[in-house]
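As structure tokens, the structure follows; a few thoughts come after it.
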Amino acid sequence: MKNFISKEAAQDAAMQAEMPMQAATRMPAKVSTETPKAKIALILAVFNSTIFEEVRNSVGNATAYMHKGQNVVKKKTKKVTNPNSPEQQKQRKRFPSLVELAASFAPAIKIGLKYAKETKHTVENYFVRVNKGNVIVSEGLVMSIDYENLVLSKGSRALPDKANATIDAESRMLTLAFDEQDPEEFIAHAANDDVFYCCLVEKTLLKTKTVRLATRSELADSPQTVSIPRTWEVAAENIAVYLFCTDKSGKKTSRTFFVTLE
């Protein structure tokens, strides 16, 4: 004959959720343990009593339900996360900064990351993902940006070995000069009609300017110039310069080349 659990005993177990109920045919299930930041569910008992065959509701801090044809009572889920831990405070500081950066770099990344991103991401979301390590938040919650390693484009398209960049404060012009390429030299992942782009960043204002420069075959013919917006502070330490290229279709892209200003 099956063991019988009194109504009073069932209510006491459901209301207090302190002692596992005796099972008629099985022992109480083991308590699962997870990391402190995970949700914790405490299974009180798996049992086979006719009184609870149709129970599906919560009573107090306990919930009864059917699982694989068996009656199960478990303690309600609770959270033990600490929303004010130092790491979580840093994350709350880092994420808005990355979103702001993505908005500022939108003209460049819509060219450089358009076909590199995974299908489930927008270009802006993909930028946040690949650059999350380039926004640094200190213990004092002071945010800084690793401009040299920002990713505006991804791919294997070939870039020049070297680019010389200078700024003329008076004329507010950036000049880029590239080494002359031997026309007979074969370069993998390159074509004469590859298109080069330049992205300038004003660090104080967090403003950007993206321009199309020239094709690969045109780069060595003459230096390339880019005008600097009149509202920007023209100083080498306040401006970052990036280069990348795409093939003619725009679907194949190079990595991002950070250019050091002279």
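The values are calculated or read from the model by the stated rules, or taken from the named source; none is laboratory data. What you see is a predicted model; the values in this text were computed from it and never measured. Glycine also receives a Cβ, built like all others from the backbone with ideal geometry; neighbour counts cover every protein chain displayed. The area values use the complete protein model at the heavy-atom level, side chains included, leaving out ligands, DNA and RNA. Shrake-Rupley method; radii C 1.70, N 1.55, O 1.52, S 1.80 Å.
Given the criteria at pLDDT below 90, on the phi < 0 side of the Ramachandran plot and open to solvent by 50 Å² or more (accessible area, probe 1.4 Å), does Met143 qualify? Reasoning before the result, please.
Numbers: at pLDDT below 90: yes; on the phi < 0 side of the Ramachandran plot: yes; open to solvent by 50 Å² or more (accessible area, probe 1.4 Å): yes.
Yes: the conditions hold for Met143.
Given (1) farther than 25 Å from Ser97 by Cα; (2) open to solvent by 50 Å² or more (accessible area, probe 1.4 Å); (3) of a type in the set (Lys, Arg), where does Arg157 come up short, assuming only one miss?
(2)
Among (1) hydrophobic (A, V, I, L, M, F, W, C); (2) touching an Asp or Glu at 6+ places or on another chain (Cβ under 8 Å); (3) surrounded by fewer than 16 Cβ atoms within 10 Å (Cβ to Cβ), there is one condition Leu261 misses while meeting the rest; what is its number?
Failing condition for Leu261: (2).
Any residue at all in the stretch 179-187 that is open to solvent by less than 70 Å² (accessible area, probe 1.4 Å), touching a residue at least 40 places away in the same chain (Cβ under 8 Å) and either in contact with a helix residue (DSSP H, G or I) (Cβ under 9 Å, 6 or more places away or on another chain) or over 29 Å from Pro96 (Cβ atoms) (or both)?
For the stretch 179-187, residues open to solvent by less than 70 Å² (accessible area, probe 1.4 Å), touching a residue at least 40 places away in the same chain (Cβ under 8 Å) and either in contact with a helix residue (DSSP H, G or I) (Cβ under 9 Å, 6 or more places away or on another chain) or over 29 Å from Pro96 (Cβ atoms) (or both): absent.
So Thr260 clears everything in (1) under 24 Å from the mean Cα position of the chain (by Cα); (2) farther than 22 Å from Lys114 by Cα except one condition, right? Which one?
Failing condition for Thr260: (1).
Working only within the stretch 200-215, note down all residues that are in contact with a strand residue (DSSP E or B) (Cβ under 9 Å, 6 or more places away or on another chain) and open to solvent by 60 Å² or more (accessible area, probe 1.4 Å).
Lys203, Lys207, Arg212
Out of everything in the stretch 105-140 that is open to solvent by 60 Å² or more (accessible area, probe 1.4 Å) and closer than 17 Å to Leu206 by Cβ, what residue ends up being modelled with the lowest pLDDT?
The residue in question is Ile136.
Among the residues of the stretch 209-224, is any over 20 Å from Leu152 (Cβ atoms) and modelled with pLDDT of 95 or more? Step through it out loud before you land on a result.
Narrowing the stretch 209-224 to residues over 20 Å from Leu152 (Cβ atoms): 217-218, 220-223.
Okay, now just the ones that are also modelled with pLDDT of 95 or more, so none.
There is no residue in the stretch 209-224 that is over 20 Å from Leu152 (Cβ atoms) and modelled with pLDDT of 95 or more.
Across the stretch 216-253, which residue is farthest from the chain's Cα centre (by Cα) among those that are open to solvent by 20 Å² or more (accessible area, probe 1.4 Å) and of a type in the set (Ser, Thr, Tyr)?
Checked the stretch 216-253; the qualifying residue farthest from the chain's Cα centre (by Cα) is Ser222.
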